[in-house]
Each structure stands twice: as structure tokens, then as C-alpha cells.
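What follows is a short report on a single structure.
Where a number appears in this text, it was derived from the coordinates with a stated rule and is not lab data. Note that the coordinates shown come from a computational prediction; the quantities given were computed from them, not determined experimentally. Cβ: placed from backbone, ideal geometry, glycine included. Neighbour counts: every protein chain shown.
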Amino acid sequence: MSSLFSPIVLRSVTARNRIAVSPMCQYSAVDGLGNDWHIQNLGAKAAGGAGIVCVEATHVSPDARITPGCLGLWNDAQTAFAARLAGIITQSGAVPAIQIAHAGRKASCARPWEGGAQLGLAEGGWPTVGPTAVPFQPDERAPAALDDAAIETVIARFGEAAARARRAGFQIVEVHAAHGYLLHEFLSPLTNTRDDSWGGDAERRGTLLMRVIDAVRAEWPAELPLFVRVSASDWAEGGLTIDDTVALARRLAARGDVDLIDCSSGGLVPDAKIATGPGYQVPFAEAVRRGSGLATGAVGMIDDPQQAQAIIDSSQADLVLLARALLADPAWPLRAAKALGAKVNLPPQYLRAHLS
Ligand SMILES: Cc1cc2nc3c(=O)[nH]c(=O)nc-3n(C[C@H](O)[C@H](O)[C@H](O)COP(=O)(O)O)c2cc1C
């Protein structure tokens, strides 16, 4: 029995294997509303055999979007579209997950293939927000430092997005607290230099994330799992380290309402020195798992079936999340199963693929 292809049980949810489609922005929505592109993209990945398919960063308000092409979940049309996404993923045999997000000071950017730079207000951009008025790049328009009332609104928006995700039929919600977006900006001492109750020591810098999780859990049924994606290291002097992340994970474990920490890294500051290589973030997933007792997801440059299986076999993580490998090949799980002598439960329409 291949560990990679063994089912995983999270609360009342069972996924057919340990392979998850990592959230990947498609920058193809209009006013936060998805279309056929998103359906074919995620439908193909679910039909390809992944156990969990996570919808890209889906933003809690218009100003929370990274780009004008990002998905949103703040109105009824978007909720109806999200239900189509959850439906095609479920129908194809995978568990539908959705990442809910606020881009903070990294919002209002052009799509990557249009350069990715911050958009001016006259070219379709919008005012951004952050823990302080310091921009990501020195030459960018400064964000507005959020005041208490605006922070409460952000928290409420996360709760509303979680309620919409539930109504749409998702079975896992992931709170995006990584990659230099708003929740990560509050967590890190490099970007959160506030001296009020939202800043200060690690515990206070974590207050916004804890409050967001409270708001999400208030709307998200107890029988459904909640994931949190973190940047386990800022890869920068004075920034978050894996020890800080293990401490945060212990805090989350003690609450009992988070089921899995999805361990990514970086994204907070432009001059981070990231030591990449195959599976370079796996040690973060392992440290968080061992240090907190929470389940973890390993992500980043995992593209070889033996490598993925070894991560599960050695209990470094409970799940592997793949992004670019699945972008290139939605049938990666089927190929991995063949390479490992395992079986993946494909939808009946695709059963003959086992024989090719
Ligand atoms: C096109 C693209 C879009 C991405 N969008 C998101 C996103 O919406 N949310 C997120 O947390 N990470 C996002 N990521 C990061 C991936 O989820 C993943 O963590 C990263 O690509 C490393 O995994 P990989 O080496 O398997 O590609 C994106 C990556 C790519 C390539």
C-alpha cells in the first residue's frame, strides 16, 4: 500500500490520497468573478486524481485582490460561481478546498504576464492597506495603516467569505497567512512595527490571525477542516524563523480549531535570500508537525513521485501540495500511481487511463 495514495481523514472529510493541488492564482476573473477558464483548470486537476483541489487565493473584498484578475468571494454571483467550482471538483472525485485571502500592501498589482508591478490609481489600481504605511517596494504607493475599525471590518470579511464558501459546498477552507499578504504582514516583526494591541511581541502580532480564525470558525462547521497557510520563514534578517512558526503552530494547536498547517515560506520582503532546491520547504513542515502535533502540508519543488512518497513515509508531512507540477500535468497523480505501483481512484469516465 503506497502511503502517498492512502486516504487522509480530516474531521468528517476523507480525501482519496495525500496529493493536494496547491492554490494557484489564474488572474482570469473579472470583478472577482470566475468563468469557464477556472472550471476547466480545476476540473482537469480533480479528474487527474488529486485528493484535494484548492481554489486559488480568493479575496474577501475588492481591495484585497492581488490583481484585477483575482477571484473574490464577497457577493452572491461569486458565491454561485464558487458552487460551480466546488461541484466540478467534487464530481471528479476530489475534496474541494478554497483559500481565502487579503493581499494587504501587495494588492493592486498588474497580472504577472503584464509585468506584475503595482498599478497606479489611474491605470485600474486602488488604495492598499497594511499594518503600517510602509510599502512593499520603496517606490510604491504607500498603504494606509489599518485602524481598529478597519481591522474589525477585515476580520468580519473573512468570516463572511467563510460563510459563502460553506454555502458554495466547499469542504476545506484555507486561511492565507503567507507570502507577504495582510495576515503575514501582521505576523512578522519586519512589517508589523505597530505599538498598539495589534503589534508588539509575537503573541500580539498573532492577534489578527487568531481573530480571523475565530471569525472563520464561527461560520465554518465543526465537522469540516480548516487549514492555515503560513510562511514558515521570512528568509530575512530580523524576520520570522521556523522557531517562531513552531511557536505559532503550538498556539494554533492549543486552540483546537485548526486542522493543518500548510508550510510555505517567503514573500514578505523583496530582498529575502531564499535557498531553494528540491523539497526545500519540507523541513518546515516536519518541524511544525513535530513541534506542534498538528498535521502539516509540505509544498515547494515537489515533483517526483518517490520524493512525494518519502515525505509521507517519513512522517515529515501529512499531505504534499503541488503547484507547478500539476500546472504542467493535471494527470501527475495517475503517473505517480503508476510509478509507485499504486492505484488512484479516478472518475469512471477516466478508468481506461489506468491501462495506457
Ligand atoms: C501560477 C501560480 C499561482 C500561485 N498562486 C498562489 C495562490 O493563489 N495562493 C498561494 O498560497 N500560493 C500561490 N502560489 C504558490 C504555490 O501554491 C506553491 O506554494 C508554489 O508554487 C511552490 O510549489 P511548486 O514548487 O509545486 O510550484 C502560486 C504559484 C503559481 C506557480
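Using only the alpha-carbon atoms of the chain, report the extent along each of the three principal axes, biggest first, to the nearest angstrom.
59, 42, 38
Kirkwood-based Rg over Rh for region 1-89 (C-alpha set), two decimals?
1.03
Treating the beta-carbon of each Lys and Arg as +1 and of each Asp and Glu as -1, no other charges, what is the dipole magnitude of region 207-261 about its Cα centre, to the nearest 20 debye?
Using Cβ point charges on Lys, Arg, Asp and Glu, region 207-261 gives about 120 debye.
What is the helix-to-structure angle for 282-292, meaning the angle in degrees between its Cα long axis and the longest Cα principal axis of the chain, kept from 0 to 90 and rounded to the nearest 10?
With both axes taken from Cα atoms, the answer is about 80 degrees.
May I ask for the angle, rounded to the nearest 10°, between helix 36-47 and the longest principal axis of the chain, with both axes built from Cα atoms and the value confined to 0 to 90°?
50
Which distance in Å, rounded to a whole number, links the C-alpha centroids of region 5-47 and region 97-146?
With region 5-47 and region 97-146 each reduced to a Cα centre, they are spaced 25 Å.
Please determine, in degrees from 0 to 90 and to the nearest 10, the orientation of helix 76-91 with respect to the longest principal axis defined by the Cα atoms of the chain, where the helix direction is its Cα long axis.
30
If I take the Cα coordinates of region 87-191 and project them onto the principal axes, what are the three extents in Å, biggest first?
So the extents along the principal axes, rounded to whole Å, are 47, 35, 25.
Please compute the Kirkwood hydrodynamic radius of region 49-112 from all pairs of different C-alpha atoms, in Å with one decimal.
That comes to 12.4 Å for region 49-112.
Going Cα to Cα from residue 343, which lysines come in below 28 Å? Please leave out same-chain ones fewer than 8 positions away.
Once the sequence-local lysines are set aside, what remains near residue 343 is 45.
Residue 156 versus residue 349, label points 7 Å from Cα toward the beta carbon: distance in nm?
According to this spin-label approximation, the distance is 4.2 nm.
Rounded to the nearest Å, what's the spacing between the alpha carbon centres of region 181-206 and region 233-277? Just the number, please.
What the calculation gives is 13 Å, centre to centre.
Ranked by Cβ crowding within 10 angstrom, fewest neighbours first, how are 21, 269 ordered?
The most exposed by this proxy come first: 269, 21.
How large is the charge dipole for the chain, taken about the Cα centre, if only the Cβ atoms of Lys, Arg (+1) and Asp, Glu (-1) carry charge, to the nearest 20 debye?
On the way: 31 positive and 36 negative charges, 256 e Å.
Roughly 1220 debye for the chain.
Can you list the HN-Hα couplings for region 321-329, worked out from phi with the Karplus curve (6.51, -1.76, 1.60; θ = phi - 60°), rounded to whole Hz and with x for Gly and Pro?
Working through the residues one at a time gives 10, 10, 10, 4, 4, 7, 5, 6, 8 Hz.
FRET efficiency for residue 147 and residue 35, Cβ-Cβ distance as r, R0 = 30 Å, nearest 0.05?
Here the calculated transfer efficiency is 0.25.
So, in nm, how far is label residue 243 from label residue 315 when the simple model puts each one 7 Å beyond its Cα toward the Cβ?
With each label point 7 Å from Cα toward Cβ, the separation is 2.5 nm.
What ranking do 33, 209 get, fewest neighbouring Cβ atoms within 10 angstrom at the top? Mind dumping the intermediate values first?
Details: 33 15, 209 23.
Sorted ascending by nearby Cβ count, the order is 33, 209.
I need the calculated FRET efficiency for the pair residue 203 and residue 280, taking r as the beta carbon distance and R₀ as 22 Å, to the nearest 0.05.
Efficiency at R0 = 22 Å is approximately 0.15.
Per the helix-only calculation at 222 nm, which mean residue ellipticity applies to the chain, given -39500 (n - 2.57) for every DSSP H run of n ≥ 4 and division by its residues, nearest 500 deg cm²/dmol?
About -10000 deg cm²/dmol.
If you take the beta carbon distance between residue 328 and residue 123 as r and set R0 to 30 Å, what does 1/(1 + (r/R0)^6) give as a FRET efficiency, to the nearest 0.05? Kindly include the intermediate steps, with their values, before the conclusion.
Values: r = 32 Å, r/R0 = 1.07.
Between residue 328 and residue 123 the formula returns 0.40.
May I ask you to sort 258, 53, 175, 9 by Cβ crowding, counting other Cβ atoms within 10 Å and putting the fewest first?
9, 258, 175, 53
Find, to one decimal place in angstroms, the Kirkwood hydrodynamic radius of region 37-161, where the mean of 1/r is taken over every pair of different Cα atoms and then inverted.
That comes to 15.7 Å for region 37-161.
Using the Karplus equation 6.51 cos²θ - 1.76 cosθ + 1.60 (θ = phi - 60°), what ³J(HN,Hα) coupling, rounded to whole Hz, does each residue of region 191-204 give in order, writing x for Gly and Pro?
Coupling constants for region 191-204: 10, 10, 10, 5, 10, 9, 6, 9, x, x, 6, 4, 4, 6 Hz.
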